[in-house]
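Here is the structure we will look at.
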Amino acid sequence: QVHVVESGGGLVQPGGSLRLSCAASGSIVSTYVTAWYRQAPGKPRELVARLTSCGSKNYADSVKGRFTISRDNTNNNTAYMQMNTLRHEDTGVYYCNAEVKNGLGYRAAYWGQGTQVTVSS
């Protein structure tokens, strides 16, 4: 079994910063991709940032230059997303998705429960 837990959300004023964490645990052989998605009220879930095992990073156009996805230097199963210059439109529930090789040898993707980010003055 694989578990994914996000943390670090909260209420922040426009222009502020937050750092989200994503910790995957359980029967993980290796991590292929870690990605952050978000879902605003009434809108579909969208990809925000993606990090592959070889270090390739992709960002949604709306967050380029403001958000940075990274992996923990000592724990490959922990990832972060630094969010700077936050805007009202960044408000939503942020979900981490970890695509791993699990203990059964299968490649599978696992979701966390989400963490709320609210940007408001």
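The values are calculated or read from the model by the stated rules, or taken from the named source; none is laboratory data. What you are looking at is a predicted structure, and each value in this text was computed from that prediction instead of being measured. Don't worry about glycine lacking a Cβ; one is built from the backbone with ideal geometry, like all the others, and counts go over all protein chains shown. The accessibility values were calculated without ligands, DNA or RNA, using every heavy atom of the protein model including side chains. Shrake-Rupley method; radii C 1.70, N 1.55, O 1.52, S 1.80 Å.
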Taking θ as phi - 60°, what are the ³J(HN,Hα) couplings along region 12-25 by the Karplus curve (6.51, -1.76, 1.60), each to the nearest whole Hz, with x for Gly and Pro? 9, 7, x, x, x, 9, 9, 10, 8, 10, 9, 10, 9, 9
Please give the per residue accessible area of region 1-86, computed with a probe of 1.4 Å over protein heavy atoms only, in Å². 52
Normalised by the residues of the chain, what does the relative contact order come to in percent, with Cα pairs under 8 Å and at least six apart? 37
Using a probe of 1.4 angstrom, how much of the accessible area of region 50-121 is carbon and sulfur, in percent? 44
Could you pull out every one of the lysines with an alpha carbon less than 27 Å from that of Lys43, ignoring same-chain neighbours closer than 8 positions? Lys57, Lys64
What residues qualify as long-range amide H neighbours of Phe67, i.e. H under 5 Å apart, gap of 5 or more or another chain, H built at 1.01 Å from N? Asn84
Magnitude of the Cβ-charge dipole (Lys and Arg +1, Asp and Glu -1) of region 34-115 about the Cα centre, nearest 20 debye, reported as 120
Karplus (6.51, -1.76, 1.60) ³J(HN,Hα), θ = phi - 60°, over region 104-121, in Hz, Gly and Pro reported as x: 8, x, 9, 8, 8, 10, 10, 9, x, 8, x, 9, 7, 10, 10, 10, 7, 9
What is the pair-distance distribution P(r) of region 1-57, computed from all Cα-Cα distances in 5 Å bins starting at 0, with each bin given as a whole percent? 4, 13, 19, 24, 22, 10, 6, 2
Diffing region 29-46: the Karplus 3J(HN,Hα) column from phi (6.51, -1.76, 1.60, θ = phi - 60°), in whole Hz with x for Gly and Pro, holds 8, 7, 10, 8, 9, 10, 9, 10, 10, 9, 9, 8, x, x, 10, x, 5, 10
Could you tell me how many cubic angstrom of Cα convex hull volume the chain has per residue? 95
